[in-house]
Amino acid sequence: MTPSPSASDRALATLLALHGLAMLVVFPLGPQEARLWQPGIGGVSALAAAFPLACVLGGIIARRLPRLPSSTRTLAALALFSTLPCLLSYDYESFFAARVIAGFFAGISYIAIHRILPTTATAHVARHAPRFIAFGLPFCILAATALDWCAAFAPLLVIQAWLALRAPKQVPFRPSNTASDRAEPAPAALVATGALAAVSGSYLTVLSGYLVLNAGHTEWHIQAAILLGAFLGLAIPPAVARLRALLGDGPAFATTLLGSTLGLTCLLLLREPAPSALALTLIGAFLALNAARHLGLAGLILPRLDPADISVHQTHTHLAHHLGSGLGALSAGVLIHVSPGGGILVGMPALLAFALASTTLAGASAWAAVARQAIQPTATPAATPASANSR
């Protein structure tokens with residue numbers, strides 16, 4: 001039986017979720033950004049990529065620091081820097097700078113949290129963080145749609161401030177998580193994580209624009225699609241667990257890749273106006289299947305890790321995931337453009353080709369990591385295939 005998480009573990013899981021939400025909240029704001037600042041697809045993709053790439057930089061620096069904050073309240077206060085600059089920005093340039101600052105501090109915070117988060121809390125993180133993100137994101141976009149684009153960050157700031165004041169002051173000392181990085185994860189496993197994240201980043205960058213500009217809907221439909229994806233996503237963890245029990249880890253991962261690839265292909269229908277039910281269902285299904293791929297990959301990799309090495313693996317996975325997300329967002333800016341005549345986004349087949357190539361790379365890399373025994377199997381498998389960075 002998995003131990004119940006402590007109050008500090010729940011606070012740390014919430015902070016991880018808030019950092020994930022801080023990265024994702026900018027993606028559905030694309031139509032508002034285009035309307036206010038006319039930055040072009042390249043400008044929108046640069047905004048989407050700024051946070052995750054700066055997060056990688058902050059994480060790399062943090063991994064080389066001998067000491068990082070260990071107080072939950074201090075980490076919550078640090079998290080304010082991943083939200084407050086965005087809330088105070090007023091134009092494209094200031095918002096871009098704010099996203100860079102936010103990502104940098106989020107990267108430091110991510111590494112600090114993974115250093116002190118115990119392996120026994122990974123199950124809680126796996127349940128709590130994706131649900132928090134999935135149901136918090138529509139609320140943030142609702143605030144942006146009803147009030148102003150920067151209002152999307154206000155709910156995050158409120159929760160972070162509350163944690164900075166009310167969370168447990170100190171995390172209990174955990175010597176197992178303070179050891180140096182003695183076990184580096186296999187590069188192939190990190191390539192698989194980054195490749196899947198690249199698919200997510202590329203599609204998330206343009207999906208809101210496709211829904212509004214190409215499928216002929218309003219910005220109010222964006223949160224409906226995200227909320228639908230959240231509800232569909234509730235069935236994903238038990239479904240993936242069931243697949244693993246029936247088919248095994250490898251076939252279950254292959255099934256999730258196949259399902260997500262089918263969802264990506266169906267999104268080509270949004271090249272022209274589509275009924276609301278069809279457009280919202282396609283995007284919602286993509287968001288849910290996206291989570292399934294990451295869970296399938298975690299189910300293939302994590303059981304082959306020594307439980308004591310999971311926290312080390314998660315720090316590397318965090319960097320690979322955000323690097324892939326940033327590169328995927330930039331790829332959308334290169335492959336998608338606005339049609340001069342119709343004012344719609346074109347280039348979805350090219351984006352699909354990029355997604356299929358990235359998905360193939362992810363599948364091949366995942367099996368290479370296992371087949372070559374770059375990750376050594378152990379007699380005691382990890383209890384839960386957690387993926388705190390999954391979207």
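Here, the stretch 301-373 is characterised by an Rg to Rh ratio of 1.16, where Rg is the alpha-carbon radius of gyration and Rh the Kirkwood radius.
Positive end of the dipole of the stretch 8-174 (Cβ unit charges, origin at the Cα centre): among ALA11, PHE153, LEU36, the Cα lying farthest that way belongs to ALA11. Below 14 angstrom from the Cβ of PRO85, what's the summed charge of the other residues (Lys, Arg +1; Asp, Glu -1)? Local charge sum for PRO85: -1. More than 24 angstrom separation, counting every C-alpha pair in the stretch 8-174; what % is that? In whole percent, the long-distance tail amounts to 32.
Sorted from longest to shortest, the spans of the Cα atoms of the stretch 185-378 along the three principal axes equal 58, 32, 24 Å. In terms of packing, defined here as the mean over residues of other Cβ atoms within 10 angstrom, the peptides 258-268, 329-339 line up highest first as 329-339, 258-268.
Counting only DSSP H runs of at least 4 residues, each contributing -39500 (n - 2.57), and dividing by the residue count of the chain, the helix-based mean residue ellipticity at 222 nm comes to -23500 deg cm²/dmol. Toward the positive end of the charge dipole of the chain, with +1 on the Cβ of Lys and Arg and -1 on the Cβ of Asp and Glu, the farthest Cα among ILE61, SER260, SER208 is that of ILE61.
The order of the peptides 24-30, 64-70, 197-203, 352-358 by mean Cβ neighbours within 10 Å, most packed first, is 197-203, 24-30, 352-358, 64-70. Charged side chains reduced to their Cβ positions (Lys and Arg at +1, Asp and Glu at -1) give the chain a dipole of some 880 debye around its Cα centre.
Let me know the shape class of the chain, please: from the alpha-carbon gyration tensor, a ≥ b ≥ c as square roots of the eigenvalues, rounded when a/c is under 1.5, otherwise prolate if a/b is greater than b/c, or oblate. Judged from the Cα gyration tensor, the chain comes out oblate (a/c at least 1.5, b/c at or above a/b). Working ranking of peptides 96-106, 277-287 by packing, defined as the average number of other Cβ atoms within 10 Å per residue, highest first, is 96-106, 277-287.
Distances between placed amide hydrogens fall under 5 Å for LEU345 paired with ASN214, SER339, all partners being 5 or more residues away or on another chain.
Structure remark: mean-square fluctuation, Gaussian network model of the chain, C-alpha springs under 10 Å; the largest value among LEU319, LEU88, LEU137 belongs to LEU88. Placing a label point 7 Å from the Cα of TRP367 along the Cα-to-Cβ direction, the residues of the stretch 254-293 with a backbone N closer than 14 Å are 254-258. Remark: the stretch 16-169 carries a charge dipole of roughly 780 debye about the Cα centre, counting +1 on each Lys and Arg Cβ and -1 on each Asp and Glu Cβ.
None of the figures in this text is laboratory data; all of them are computed from the coordinates on show. Given the structure is predicted, the values throughout are model-derived calculations rather than measurements. As a convention, Cβ positions derive from the backbone with ideal geometry for all residues, glycine included, and neighbour counts pool all protein chains shown.
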